[in-house]
1. List the lysines whose alpha-carbon lies under 18 Å from that of Lys249, not counting same-chain residues fewer than 8 positions away?
2. Quick one: Karplus J couplings for the stretch 213-218, per residue in order, coefficients 6.51, -1.76, 1.60, θ = phi - 60°, nearest Hz, x for Gly and Pro?
3. Quote the relative contact order of the stretch 1-122 in percent (integer), defining contacts as alpha-carbon pairs under 8 Å separated by 6+ residues.
4. Any chance you could run the full-extension gain for Lys4 through Glu246? It's 0.36 nm times the residue separation minus the Cα-Cα distance, nm to one decimal.
5. Report the gain in length on full extension from Arg356 to Arg286: 0.36 nm times residue separation, minus Cα-Cα distance, nm rounded to one decimal.
6. Carbon and sulfur atoms: what percent of the 1.4 Å accessible area of the chain do they account for?
7. Among all the aspartates and glutamates, which ones have a C-alpha under 18 Å from Lys384's C-alpha, if same-chain residues fewer than 8 places away are not counted?
8. Could you pull out every Cys in the chain that lacks a partner Cys with its beta carbon under 4.7 Å away?
Amino acid sequence: MTPKTFKIKSFGCQMNVYDGERMAELLGAEGMIPAAETADADLVVLNTCHIREKAADKAYSDIGRLRREDGSKPLIALAGCVAQAEGAEAKRRSPMIDIVVGPQVYHRLPEMVAEASRGARPVDTDLPPLSKFDAFPKRRRATPSAFLTVQEGCDKFCTYCVVPYTRGAEVSRPWDDIVAEAHGLVDGGARELVLLGQNVNAWAHSGRSFAELIRGLAKIDGLERIRYTTSHPVNMTEDLIAAHGEVPKLMPYLHLPVQSGSNPILKAMNRSHTTDTYLATIEKVRAARPDIALSSDFIVGFPGESEEDFEATLRIVEEVRYASAYSFKYSARPGTPAAAMEDQIPVEIMDDRLQRLQARINAHQLAFNAKTVGIDTEVLIERKGRHDGQMIGRSPWLQSVHLETAAAPGEIVEVTLVAAGPNSMTGAVRERVAA
Ligand code: SAM
Ligand code: SF4
């Protein structure tokens, strides 16, 4: 039977969220409609993440739970990076899976759904560069802050990471495609674009740089804010750093993962930056945009990480004082060089280090938020809050701001930040509301 309703569940990074939105548009173009609840859907797409082991396990346990009380089940598509990594093996691991579709070929999802409705169990995990973008329908509706994938894949081969294997080689989308999609999103209601890529600042096309792309997009009328993520320290070029000081629409926020504060560990990770080169980049970025909010990713417990190495990570955290940061326990991924390294760190040590690291990160995040109390700034309203009349938006520094206002999602309001919490701010709307 051909499915009429669908539910897409995306896990992991923002690129998966973007892919989930595009899959919904593809299925919508076939006349299918989103189901309110997973239990009501004829087709469930699990758009998975493979970066850490737990995420893959979670996807498999989610599949098990899709069996209904009467023994029936929806059509199930495994998408995303677990699908890419496991291929046909995924169908053996879970016989409930009908479709396995990798992240570079999900434009084929509608035809694979049709095949599965006829009883087949199609698998496609090819890695053709970019062809999927040509197959997408034009974007019509967008959230106030919308994701736009501009670059995919990775050639950096950090020794712990599966991305180069699951997303393939680094590829940049052409300038014109990106600009056309950006116009579509702005026409559809977006006021902010978040440019996405596994190494977004490695974007380069026909001799043009990522900084030029940002400057080009900044010319779009109606687009008020630009952000990008995730960037690699080695691709923080002088012109990109300069753009932070020169392009008012480029928001003062930079996610620049360092992973570790120890040079021997960075070398073993194949990170191609040292703590010194990283800190020099941070210094330049701060010189270009003094109020910039900095963020990072950290891995604790990489094979061979000594207490001394970990303390070096704590030191770099004290030195940079991040406005926010993500930290993870190292997770050995099959097929990556680090998984075969000696001296894997016991989980109790990783737990202890993660706790100590997060305590410092949280303290700095609160300190950053506290420092912004009293500042007059602009907030892009994104959605309703929990209470009547309460809305939630984002400050330029990506803080979540709660405020009482009649302004609708998509409006930018002038706000004074009046109170700071660890994860959000309270704002008071000033009289003037920007058009
Ligand atoms: N390209 C980005 C960069 O170079 O920083 C990161 C993209 S990766 C999808 C997101 C984050 O996941 C990484 O920054 C890293 O901290 C974390 N990560 C990747 N592989 C991991 C692993 N095997 N174990 C734990 N964390 C991992
Ligand atoms: Fe993974 Fe390293 Fe590539 Fe980032 S740069 S996606 S961490 S291999």
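1. Lys219
2. 4, 4, 4, x, 5, 4
3. 26 percent
4. Additional length available on full extension: 82.2 nm.
5. 22.5 nm
6. In the chain, the share of accessible area belonging to carbon and sulfur is 52 percent.
7. Counting by Cα, and skipping residues close in sequence, Lys384 has these aspartates and glutamates nearby: Glu192, Glu404, Glu411, Glu414.
8. Here Cys13, Cys49, Cys81, Cys154 come out as lacking a disulfide-compatible partner, given the Cβ-Cβ threshold of under 4.7 Å.
The values are calculated or read from the model by the stated rules, or taken from the named source; none is laboratory data. Note that the structure is a prediction, hence the values are computed from the model and not measured. Virtual Cβ from ideal backbone geometry, glycine too; neighbours counted across all protein chains shown. Note: accessible area is taken over every heavy atom of the protein model, side chains too, but ligands, DNA and RNA are not part of it. Shrake-Rupley method; radii C 1.70, N 1.55, O 1.52, S 1.80 Å.
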